[in-house]
1. Taking the conditions exactly as written (in contact with a helix residue (DSSP H, G or I) (Cβ under 8 Å, 6 or more places away or on another chain), modelled with pLDDT of 90 or more, of a type in the set (Ser, Thr, Tyr) and closer than 16 Å to residue 4 by Cα), does residue 22 satisfy them or not?
2. Can you tell me how many residues within segment 26-71 are touching a residue at least 24 places away in the same chain (Cβ under 8 Å), under 15 Å from residue 3 (Cβ atoms) and out of contact with any helix residue (DSSP H, G or I) (no Cβ under 6 Å at 6 or more places or on another chain)?
3. Please go through segment 34-77 and give me each residue that is over 21 Å from residue 12 (Cβ atoms), small (Gly, Ala, Ser) and either at pLDDT 90 or above or surrounded by 14 or more Cβ atoms within 10 Å (Cβ to Cβ) (or both), ordered by number.
4. Does segment 92-103 hold any residues that are part of a loop (DSSP other than H, G, I, E, B), modelled with pLDDT of 70 or more and loosely packed, with under 12 Cβ neighbours inside 10 Å, and which are they?
5. Of the residues in segment 1-54, how many are of a type in the set (A, V, I, L, M, F, W, C), over 14 Å from the mean Cα position of the chain (by Cα) and in a helix (DSSP H, G or I)?
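The values are calculated or read from the model by the stated rules, or taken from the named source; none is laboratory data. Model, not experiment: these values are computed from the prediction. Note that we place each Cβ from the backbone using ideal geometry, even for glycine, and neighbour counts take in every protein chain shown.
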Amino acid sequence: MSFIYFLHDRAQQEYETAIKWYLKRSLSAAEGFVDAVDFALRQACSHPTRWRNTYKHYYEFGLKKYPYVIIYSIEAEINTIAVWKFYHKKRDPKKKYSGLSKK
């Protein structure tokens, strides 16, 4: 069964910030980033438990060619993937899960 996804406010803001950063450098890089995110989210919706469950109930999907990890949780009762963060791999790894809700 395929899931749908939604972006929490923080994830939406991080996504938009990343797109703006890539747009300043290259339209093709920004388009590639959007395509990579779209691909990752479609994959996560098709196979939500396929990627690493690294912390509590959060999963990680690393983007190819872009230094971001999508952090999401699975809301199985409503067939939904909740995207919490677009985390840049150069940030402090100790803060990767800070500010996320506790389940």
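1. No: the conditions fail for residue 22.
2. 8
3. 46
4. Once the filter is applied, which keeps residues that are part of a loop (DSSP other than H, G, I, E, B), modelled with pLDDT of 70 or more and loosely packed, with under 12 Cβ neighbours inside 10 Å, segment 92-103 yields 98, 99.
5. Selection size over segment 1-54: 5.
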